[in-house]
Amino acid sequence: MTQRVELATVMDRLAVDEVVTEYASAVDDGDWAAYRGLFTADGRADYRSAGGIEGDAVRIAGWLAENLGMFPMRQHLIVNRRLRFGVLEHDTGDTARVRADYLNPMRFAAATDDGSSAPDFVCGGRYDFGLLRTEGGWRLRTVVVEEKWRRLPDRTPGDPA
């Protein structure tokens, strides 16, 4: 590889990583306009493994806004990112795939003030992001969530089952 190609690859890696980070921030901050703006016009997301839905970015943003409202505190941690570039129309580097693990602690809105700093709900799993280089930069074409585990709040003794 030439230095120019290597530099372009590094720049693409940074840009793709930024999209993944912006995705997590948009969900955590409830910025659904920013969330929708990260996707291509035909972009889709699949949250079915986490009890959610599959659909286009507009539908998913509405569903997330409605369902995540019960969690005023959300914090995605997306780690172990594995990035691979692909080929589209014989032009290397027009697509990218990122597989990354996530940890997502969330606090319920109706949490009691018992001084606990532990989140009420934590889940973890893996994301599979499919990205496409567009005239406006890298955009998400697909997001698939593979939830692997979740921990619900512990019940206190005497709580009804």
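The values are calculated or read from the model by the stated rules, or taken from the named source; none is laboratory data. Just so we're clear, the structure is a prediction, and the values are computed from it rather than from any experiment.
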Show me the strands (runs of 3 or more DSSP E) found entirely inside region 31-117 where at least 2 residues are at pLDDT below 95. 77-88, 91-107
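In region 9-21, is there at least one residue being under 21 Å from PHE121 (Cα atoms) and acidic (Asp, Glu)? First the steps, then the outcome.
Quick first cut of region 9-21, residues under 21 Å from PHE121 (Cα atoms) only: none.
Looking for residues that are under 21 Å from PHE121 (Cα atoms) and acidic (Asp, Glu), one finds none in region 9-21, hence no.
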